[in-house]
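The structure under discussion appears below in the form of structure tokens.
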Amino acid sequence: MSMGRSGHDILTHGKNSEFQNELHESNRADVDMGEECKSSETSSPEKSREATESDSDSWSGSASSVEKSAVEINGDECQAPPEIPLVNKYEMNVDSEQESQSLNTVSVDVLGPGVPVKDGKGLFMIPAVGMEFESEEHAYKCYSRCAVMEGFSIRKDLVNKSRVTGAVVSRRFTCYRQGYRPSKHTMNTRKPRQETRTGCLAHMTIAWQPYGKFRVTNFENKHNHEFVNPSTAHLLPSQKRLAFVEAVEADLASSSGADGVPKLGIGFESEDHAYEFYNSYAGQVGFSVRKDYVNRSKIDGAVVSRRFTCFREGFRQKDKRDLNIKRPRKETRIGCLAQLVISRQSDGSYRVTNFEEKHNHELVAACRIRMLRSQKQLVAAQIAEGNAIEGRKIQLKSAYEVSCNLIGDCVDHEYDPVDQRSKLISKRTREMRDGEAEKIQQYFQSKKVKNPSFFYAIQPDADNQIANIFWTDAKMVMDYSDFGDVLCFDTTYRINKDCRLFSPFVGVNHHKQMVIFGAALLYHETVDSFKWLFQKFLEAMSGKKPKTILTDQDEIVSEAISSILPDINQRVCVWHVYQRALKQLSHMFIGSPTFVNDLLSCFFDHEEEEDFIASWNHMMDLHGLWDNEWLNKIFETREQWAIAYKRHIFCADIKSMQPRGSFILNLKKYLKFDSDVLSFLKQLGKMVNDWHYKELEANYDMSQNMPKLMGDVIFLKHARDAYTPRIFDLFQQEYETCLNIVVNQCIENGSLLEYKVSIYGQPREYTVSYNLSKNTVCCSCMKFEFIGVLCSHALKVLDYSNIRLLPSQYILKRWTREARV
């Protein structure tokens with residue numbers, strides 16, 4: 001609190017006399033301030049209670065200075081008695097070149113009392129005994145600017161207040177390294193604070209004068225410690241407080257924060273408003289926000305200060321349990337220092353007291369912002385808000401469709417999806433519900449209007465009724481161009497006689513996630529129908545053919561593929577056979593609860609012919625199934641579907657196609673004949689959008705996190721940089737297995753080396769051929785040919801040959817991070 005002349009005028013004569021006596025005692029006590037400083041560490045408890053403000057003053061306390069208008073000390077604020085010449089920035093001859101240069105070149109080493117200097121904010125005076133200030137706060141700012149120039153911080157120390165009015169009579173500002181910390185406070189502390197006090201005697205004492213100003217009565221500028229570097233002076237506590245006060249003043253004078261960028265000193269009504277503001281800013285920049293440290297009041301539990309950090313702040317602590325975890329979590333924290341700190345003010349609001357803008361990592365691209373954890377809350381709110389708007393749009397759309405009885409009146413007549421050249425000579429074999437054909441046509445025509453790249457084709461029957469329909473869109477075509485080397489034509493719905501025949505073309509992407517390339521609704525099942533379907537599929541895909549196509553055990557489909565796609569590899573999808581087995585053997589689930597697991601293991605867990613046959617015989621014996629004709633029939637055709645056979649055909653890891661189970665279950669109720677076909681088409685579109693979103697999530701996760709290595713191995717580091725996390729996990733499992741593989745024999749034939757290897761303690765041997773001149777490796781298990789990742793046997797031979805980097809020809813682009821590039 002400062003007293004001006006007006007304050008002095010309203011004092012009564014009696015009170016003024018008493019105040020003068022206190023001032024006289026205070027001035028007399030300041031005569032030997034040096035002695036007082038030397039004994040400051042042994043001061044009495046009374047003086048300790050009087051020193052009510054110290055370096056631990058809260059930020060909110062400094063906010064009272066906002067009402068002070070002037071930051072720089074002008075001639076009125078800083079005066080000197082007659083014996084000291086009064087110098088201020090208005091009386092200086094700043095036009096003189098010599099004087100200006102001398103002021104600008106004043107170094108920290110030559111700073112002395114009464115010397116005018118210039119910093120980034122203007123001219124000010126180095127404090128000296130006899131200098132006067134308008135208020136206590138002005139004196140603090142002047143001394144603080146001087147401290148920053150030299151490289152130290154100041155602290156508000158001893159204060160003497162009037163017993164009558166409570167006004168400040170005298171105040172001492174000290175160096176932040178003044179005194180010593182009491183040893184009793186650190187005895188029981190686990191992590192003692194770093195010692196900062198060294199007993200420095202540098203200080204400045206001011207006293208109130210009868211005419212309302214404050215005069216410097218004692219000034220000591222000698223320190224017993226080194227100063228901080230000028231480049232880090234802004235980190236000093238007193239400088240932070242001063243910068244905060246000035247920022248608050250600037251915020252009150254302008255609309256700071258209106259541009260959405262955090263700044264020091266801007267205010268918020270509550271902690272939640274501060275979080276929303278910082279999270280919104282994070283969404284614009286490209287990072288996620290985490291609520292970090294919070295300091296609560298011991299009185300009412302209210303938040304006193306809170307720190308919001310970047311989600312990559314700090315480092316994950318090491319846990320002994322991590323050694324036993326097979327799939328440890330990916331590392332996300334890399335010590336980012338970006339943060340926003342808010343503190344509660346005396347009026348209950350919150351202001352920014354610290355803001356660090358710089359990150360030590362790449363920020364997220366705009367297209368992936370919605371994947372960030374803290375941004376998902378904003379997205380959810382936006383979706384909730386948009387639902388009402390979307391509802392109104394649907395109503396308008398329905399009205400529009402009613403007004404257009406034939407949507408053909410609203411579309412481009414040059415595009416004709418009906419393929420009259422492939423018209424069937426017979427009627428369709430499956431009937432449609434009344435109005436179903438019109439609904440399908442209107443749905444696809446509206447899709448074509450919205451997106452001209454949308455493709456659909458209709459095959460008519462002999463009565464010009466819809467017999468079959470195929471469709472795809474631009475995203476599906478793009479997926480096929482990247483991952484169409486393996487195509488699975490799914491006709492699983494033929495199992496259910498009460499369902500529409502829905503036949504999707506599906507595949508697997510670089511994250512081993514299911515993708516869809518196109519789909520068809522079939523109401524006529526003949527060889528000509530499937531020929532037409534595959535022709536339209538190739539037409540939509542610009543003639544690009546897959547390397548491998550997986551189908552069901554259907555002679556009609558197989559004949560159509562052989563006719564349209566004669567040069568590609570064709571095999572029966574093991575997943576289709578498994579689905580049929582579940583339907584044929586459903587009666588076994590009741591009597592034997594372990595049957596499903598045995599059946600699943602037999603179909604998917606054995607890559608060697610020996611193991612598959614042994615597992616099959618064990619299942620047949622255990623459950624008494626030797627008399628089951630259907631099982632005996634599919635066993636005879638095992639070479640067409642079992643994964644232990646035809647391993648030279650690339651199938652992109654067939655086991656990853658098993659998520660189609662949930663796909664079928666989610667669509668089954670919409671495919672029943674008594675359900676609305678539009679409901680099915682919309683549900684399918686929703687599911688496809690969900691798949692696209694999951695891929696975006698996987699891409700974002702891949703860009704932000706790196707899979708954990710089992711050890712500091714160059715081979716693994718190289719593979720991790722190339723593969724997607726899902727494929728790298730598969731590769732790392734193979735590498736871990738190769739550590740237990742032994743080389744039993746090596747036969748050399750020129751540049752060709754043939755190795756016999758086996759897992760330690762197991763009799764089965766694998767033959768691995770390694771060509772020195774071509775740097776190629778091939779294993780008898782043919783895992784690379786089958787799924788596109790080297791097996792543990794081949795990795796052992798490469799390691800045995802001192803190959804420390806994975807050869808590029810064994811890194812398939814479809815499994816890499818750059819698969820879509």
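The values are calculated or read from the model by the stated rules, or taken from the named source; none is laboratory data. A quick note: this is a predicted structure, and the numbers were derived from the prediction, not measured. Virtual Cβ from ideal backbone geometry, glycine too; neighbours counted across all protein chains shown. These area figures cover heavy atoms from the full protein model, side chains too; ligands, DNA and RNA do not enter into them. Shrake-Rupley method; radii C 1.70, N 1.55, O 1.52, S 1.80 Å.
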Residue 332 being modelled with pLDDT under 85 and either surrounded by 11 or more Cβ atoms within 10 Å (Cβ to Cβ) or not hydroxyl-bearing (Ser, Thr, Tyr) (or both):
yes
Select the helices (runs of 4 or more DSSP H) contained entirely in region 567-606, then report the ones holding at least 2 residues which are in contact with a strand residue (DSSP E or B) (Cβ under 9 Å, 6 or more places away or on another chain).
574-584
Candidates 605, 621, filtered to the one that is of a type in the set (Asp, Glu) and over 41 Å from the mean Cα position of the chain (by Cα):
621
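Is it the case, given these coordinates, that residue 545 is of a type in the set (D, E, K, R) and in a helix (DSSP H, G or I)? Steps first, answer last, please.
Working: of a type in the set (D, E, K, R): yes; in a helix (DSSP H, G or I): no.
When the stated conditions are applied, residue 545 does not pass them.
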Please give the number of the condition residue 469 fails out of (1) in a strand (DSSP E or B); (2) modelled with pLDDT under 80.
(2)
Can you pull out every residue in region 615-627 that is on the phi < 0 side of the Ramachandran plot and either in a loop (DSSP other than H, G, I, E, B) or open to solvent by less than 60 Å² (accessible area, probe 1.4 Å) (or both)?
615, 616, 617, 619, 620, 623, 625, 626, 627
Within region 671-702, which residues are aromatic (Phe, Trp, Tyr), within 30 Å of residue 431 (Cβ to Cβ) and open to solvent by 30 Å² or more (accessible area, probe 1.4 Å)?
673
Which condition from (1) under 21 Å from residue 801 (Cα atoms); (2) loosely packed, with under 15 Cβ neighbours inside 10 Å; (3) of a type in the set (S, T, N, Q) is the one that residue 737 breaks?
(2)
Using beta carbons and a limit of 6 Å, which pairs, at least six apart or on different chains, have the first residue in region 769-787 and more than 14 Å from residue 753 (Cα to Cα) and the second one of a type in the set (A, V, I, L, M)?
784/790
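Quickly run through region 776-790 and pick out the residues that are among the polar types (S, T, N, Q) and open to solvent by less than 50 Å² (accessible area, probe 1.4 Å). Outline the logic, then answer.
Residues of region 776-790 that are among the polar types (S, T, N, Q), as a first pass: 776, 780.
776, the sole residue that qualifies.
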Is there any pair with a first residue in region 422-449 that is over 17 Å from residue 471 (Cβ atoms) and a second that is of a type in the set (Val, Ile, Thr) and in a loop (DSSP other than H, G, I, E, B) whose Cβ atoms are under 9 Å apart and which are 6 or more apart or on different chains, and what are they?
424/526; 426/526; 429/526
Going through region 703-724 in order, the residues found to be open to solvent by less than 70 Å² (accessible area, probe 1.4 Å), at pLDDT below 95, part of a loop (DSSP other than H, G, I, E, B) and not small (Gly, Ala, Ser) are 705, 707, 709, 713
State yes or no: is residue 556 open to solvent by 10 Å² or more (accessible area, probe 1.4 Å) and over 27 Å from residue 696 (Cα atoms)?
yes
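Table: residues versus (1) touching a strand residue (DSSP E or B) at 6+ places or on another chain (Cβ under 6 Å); (2) assigned to a helix (DSSP H, G or I).
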{"site": "763", "(1), (2)": "no, no"}
{"site": "781", "(1), (2)": "yes, no"}
{"site": "794", "(1), (2)": "yes, yes"}
{"site": "797", "(1), (2)": "yes, yes"}
{"site": "814", "(1), (2)": "no, yes"}
{"site": "819", "(1), (2)": "no, no"}
Report the residue count in region 201-219 for those that are open to solvent by 60 Å² or more (accessible area, probe 1.4 Å) and within 20 Å of residue 177 (Cα to Cα).
1
Are any of the residues in region 432-444 of a type in the set (Phe, Trp, Tyr), under 41 Å from the mean Cα position of the chain (by Cα), outside any helix (DSSP H, G or I) and on the phi < 0 side of the Ramachandran plot?
no
